[in-house]
Amino acid sequence: MKLGVVVFPGSNCDHDAFHVLHDVLGQPTEWVWHESTHIHHLDAVILPGGFAYGDYLRTGAIASHSPVMGAVKKFARAGGVVLGICNGFQILLESGLLPGAMLRNRRLKFLCRFVHLRVENTATPFTSACRPAQVLKIPIAHMEGNYYADAATVRELERHQQIVFRYATPAGEIVDDEESNPNGALANIAGIANRERNVGGLMPHPERASEPLMGSTDGLVLFQSMIASLVSK
Amino acid sequence: MSEAAVTADLVAQHGLTAEEYEGIKEILGREPTLTELGIFSVMWSEHCSYKSSKVHLKRLPTTGPQVLQGPGENAGVVDIGDGLAAVFKIESHNHPSFVEPFQGAATGVGGILRDIFTMGARPLAILDALRFGSLDNPKNRSLAEGVVSGIAFYGNCIGVPTVGGDVYFDPEASGYAHNPLVNPLCLGVAPREKIFFARARGVGNPVIYVGAKTGRDGIHGASLLASAEFDETSQQKRPNVQIGDPFLEKLLLEALLEGLETGAIVALQDMGAAGLTCSTCEMSARGGTGMEIELERVPQREDGMTPYEIMLSESQERMLVVAENGREEEILSVFRKWGLDAVIIGQVTADGRLRVRHYGEVAADIPARPLADDCPVYNRPLAVPPPRIEKLIEFAPETVARRELPENFLRLLASPTLASKRWIFQQYDHTVRTNTVLGPGQGDAAVLRLKGTRIGLALTVDGNGRYCSLNPRRGAQLAVAEAARNLVCVGARPWAVTNCLNFGNPEKSEIMWQFSEVIEGMAEACRVFGTPVTGGNVSFYNETRGKAIYPTPVIGMLGVLEEVERCVGAGFRSSGNTIVLLGVRPFNREELEQTFSSSEYAKSIRGLVAGQPPEIDLAYEKRVHDCCLEAIRRGYVAAAHDLSEGGLLVALAEACFGVESKLGAVVTLAGELPLEAVCFGEEPSRILLEVDEQHLADLLGLAAQYQVEARQLGWTTAGEFRVHFNGNIVLDGDVAHLAEAWGTGLARQMQAVSG
């Protein structure tokens, strides 16, 4: 098994994702430079958080046209597992690998804090080790995490159970208030997958909640799920 | 030469005195060119030369076994064990932040980050000390809003967590309304042997310019903005504020750290204040060499820039690198990989001169060492200000005090200086890089782990300007003591200091007296706590229309934990534990009206700033620290929180407001003193500890051993908050009610901006 972490020049969670995969979970992991298209030997690709090319333009807009994303699109179409975290999720939306778009947070400010996520679908490579409706405590850190899609798209997402994570209360209730859905995401959507389930994206940072010293280890289950599903593939 | 001739008027416009100009002529042996005049004026500005503060700064303790590099480099460096070194520094960006709050604060963060990574250390964390005027004034709200957004913009994008800081909102007399303070601190870590110094070496070595193109922005930023008082025309100085590009700085950061791995870099320095001038001249002066540069090779953003403009531009995100001759391609290829402009603009020379050419014509030719080091030093006159005639606080009669206590307590908790800072810190990414063990609001200091070791680093910034305005020496001692106390409360040993000294106009003798007194107080306290000063920054001329700010020394203190997993937070952990007040001593009754008049309570509830800050016994304070550290090391302590602004009740309430769960407390207080003083007096050397039954006796024994008082105040509860005083219940309520006032106090005031 070989995992890859993409490095855009403005990625700043690349080291964190690498650390969890390589040091915490002991998986063979390599860097993938943004100009590289050499990824077909990988079993899964992580698009980490950050500000890919500065994101002074719409977040992820430039990154979606980068050489590595050309390769990631092919890789995904061929069934390769791709996980986008925060900016990585935004890039997947801009690339058309996942549906929808991101608006600014409802208070128009960057938000960094713990949130609670309810796992909505355990039949994905990213949640296979979760219990149904399990609540995960994981931090967010973003300015544009207010998920938006038109009504038809949301219906499609619902129908095909593509909504993987929703912002919730610690008890797992879905409430649209600032405490539990701080960025104002439509239908409390925190993370989704494509219909084939091999591409997933979420705004919260599971890599920041993967060791006891970080105040939560709830994020680890995403990476464990991913590794387990690759092994059994 | 085609430049304008240098006249007496021009000399004065450059902020140089007639004597300084004579000194320049003596160094050159002739009249300077306009470019040379510009170069001298920035290097000899207060901001770059420390000409008014140097004689005083010498009195600070700067050495110790842990100090690897004291003041004089881009940042201080201390040994933290395991072969690692911590690099840290604090710097002011006050004037730019008033003129343009967002960009001013953003570029302040950018500048301090560069100071750290130019020493070869990856930045690990940022903290910010901020001082604003009262939020009742919409102008101050918009300044605070802009500054916080600017810090967030820069730090979040480059991906260095902003893990802490402190904020005060003080009344008109503080001067912060017209002169807010923005003091960012950055900490980085590198293996000891990989620390890098800015010393140009090796004659013939190429000098490489890397980063943003040079524009006309920020010309004279440091010399004009930071070295003169403010007046009505200050807004016209907006073009002197630089614009930040954190993405470009991220590229510089990664490229330089990667470039250093090649071993082909000899020296590097960022172009911050005074830009190309400062970096060329300081690198040469420190290395004992000279430097020759060709200005037409400097990447430029605008056409027709003169040598004067190129040398003085303060465009951001630029660095100067000296490479090993013949190996420049190794470095240039790393810069190319990161998409950076990098050009060889000159070389190191043997003759000790800074020679600047523009299309072959010599624009400046100055001996580098005298330019960097021979700025006149001033021992400016000091004058003790006349004694103040002021009204002190009158304690309310006990029945009145009791009746008003619940309401006053709520008002105090909701006041912006004491209220939760969540509105601010949730705009900062404080968890990126996954090292933040205790982030903002979680402990008395921020705690970071160092991956691959068991070491933890703790950081805090402290400095109460109000105290210093009433008694600068005591105020400075209290600031150092509180910084050290915050560190021991998380279980970290105080290790070293960086400081940012914010003052008014040094040409005024009372300001210089304040400065001298603050240095004295800091020096005394730093000696007692064993925390040498490794560097920092002096910011003078914080005045508008002749009115100075409170003298505000901001102490940034670094602490070390041998085992990071032993750190403790400030929030109570479980109900039914004992609350112990460590370090409780009888208040000085004689001085009580004086000291209580300087408290946050006096300010917020009675609208009074007067009297004297409380006296501090530094030796006693040190024993309290040592006792607290040992208690945490032995695992006796579940939570620790120091008493500071707002005194005992505010500290107790804060300890109840843990990050997630809210616990309560039932405590019993007693004594002859007025109720208000008991609840809200700000005597130092006190720490609240949460201790479980099993460790209580051991803790009390330990306190006796360290000869510090420890009193059992009461217990933590599931939610009820009750205070007994001399047999009466003086407060009885639910912690949720208090938490609501505290949690929304700042946000409510700030949201008046957009609302």
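The values are calculated or read from the model by the stated rules, or taken from the named source; none is laboratory data. Note that this is a predicted model, so its numbers are computed, not measured. With ideal geometry, Cβ positions are generated from the backbone for all residues, glycine too; neighbour counts draw on all protein chains shown.
Things worth noting here:
- Residue B:424 meets each of the listed conditions (1) within 14 Å of chain A (Cβ to nearest Cβ); (2) β-branched (Val, Ile, Thr); (3) in a loop (DSSP other than H, G, I, E, B) apart from (3).
- Within the stretch A:1-43, the set of residues being at the interface with chain B (Cβ under 9 Å from one of its Cβ atoms), touching a residue at least 60 places away in the same chain (Cβ under 8 Å) and not in a loop (DSSP other than H, G, I, E, B) comprises A:11, A:16, A:19, A:20.
- Considering (1) assigned to a helix (DSSP H, G or I); (2) under 24 Å from residue B:425 (Cβ atoms), the lone condition that residue A:74 does not fulfil carries the number (2).
- When B:554, B:560, B:568, B:564 are checked against the criterion of being buried (at least 19 other Cβ atoms within 10 Å of the Cβ), out of contact with any helix residue (DSSP H, G or I) (no Cβ under 6 Å at 6 or more places or on another chain), within 14 Å of chain A (Cβ to nearest Cβ) and modelled with pLDDT of 95 or more, B:564 stands alone in meeting it.
- Close pairs (6 angstrom Cβ cut-off, 6 or more residues apart or separate chains): farther than 10 Å from residue B:491 by Cα and assigned by TED's automatic domain parsing to the domain that holds residue B:707 in the stretch B:615-637, modelled with pLDDT under 95 and part of a helix (DSSP H, G or I) anywhere: none
- When the stretch B:451-492 is filtered for residues that are assigned to a strand (DSSP E or B) and of a type in the set (Ser, Thr, Tyr), only B:460 remains.
Conditions tested, residue by residue: (1) under 21 Å from residue B:199 (Cβ atoms); (2) without any contact (Cβ under 8 Å) to a residue 60 or more places away in the chain; (3) surrounded by fewer than 19 Cβ atoms within 10 Å (Cβ to Cβ).
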| residue | (1), (2), (3) |
| --- | --- |
| B:5 | no, yes, yes |
| B:11 | no, yes, no |
| B:16 | no, yes, no |
| B:94 | no, no, no |
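Each row is one residue, and each column tells you yes or no for (1) assigned to a helix (DSSP H, G or I); (2) surrounded by 23 or more Cβ atoms within 10 Å (Cβ to Cβ).
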position: B:590; (1), (2): no, no
position: B:593; (1), (2): yes, no
position: B:616; (1), (2): no, no
position: B:623; (1), (2): yes, no
position: B:631; (1), (2): yes, yes
position: B:649; (1), (2): yes, yes
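- In the set (1) crowded, with 24+ Cβ neighbours inside 10 Å; (2) part of a helix (DSSP H, G or I); (3) away from chain A (no Cβ under 14 Å), the condition left unmet by residue B:250 is number (3).
- In this structure, residue B:129 does not satisfy being aliphatic (A, V, I, L, M), assigned to a strand (DSSP E or B) and under 28 Å from residue B:267 (Cα atoms).
- Any strands (runs of 3 or more DSSP E) falling wholly within the stretch A:81-150 and containing at least 2 residues that are within 12 Å of the chain's Cα centre (by Cα) and away from chain B (no Cβ under 12 Å): A:81-85
- Condition check for residue A:177 on (1) away from every other protein chain (no Cβ under 14 Å); (2) acidic (Asp, Glu); (3) surrounded by 15 or more Cβ atoms within 10 Å (Cβ to Cβ): one failure, at (3).
- Number of residues in the stretch B:493-523 that are outside any loop (DSSP other than H, G, I, E, B) and either aromatic (Phe, Trp, Tyr) or farther than 21 Å from residue B:69 by Cα (or both) equals 14.
- Residue B:395 within 14 Å of chain A (Cβ to nearest Cβ) and aromatic (Phe, Trp, Tyr): no
- Hits in the stretch B:45-66 (condition: aliphatic (A, V, I, L, M) and either closer than 30 Å to residue B:83 by Cβ or part of a loop (DSSP other than H, G, I, E, B) (or both)): B:60
- Only residues that are assigned to a loop (DSSP other than H, G, I, E, B) and under 12 Å from residue A:136 (Cβ atoms) were counted in the stretch A:191-233, giving 7.
- Flag if residue B:418 is away from every other protein chain (no Cβ under 14 Å) and in a loop (DSSP other than H, G, I, E, B): yes
- Output for the stretch B:324-345, where each listed residue is of a type in the set (A, V, I, L, M, F, W, C) and over 19 Å from residue B:355 (Cβ atoms): B:331, B:332, B:334, B:335, B:338, B:340, B:342
- Matching entry among B:437, B:447 (being more than 24 Å from residue B:181 (Cα to Cα), facing another protein chain (nearest Cβ under 8 Å), in contact (Cβ under 8 Å) with a residue 24 or more places away in the chain and crowded, with 23+ Cβ neighbours inside 10 Å): B:437
- Restricting the search to strands (runs of 3 or more DSSP E) fully inside the stretch B:302-392 and requiring at least 3 residues that are surrounded by fewer than 24 Cβ atoms within 10 Å (Cβ to Cβ) gives B:342-349, B:353-358, B:361-367.
- Where a residue in the stretch A:142-165 is at positive phi and its partner, wherever it lies, is at pLDDT 95 or above and surrounded by fewer than 16 Cβ atoms within 10 Å (Cβ to Cβ), with Cβ under 8 Å and at least six apart: A:161/A:123
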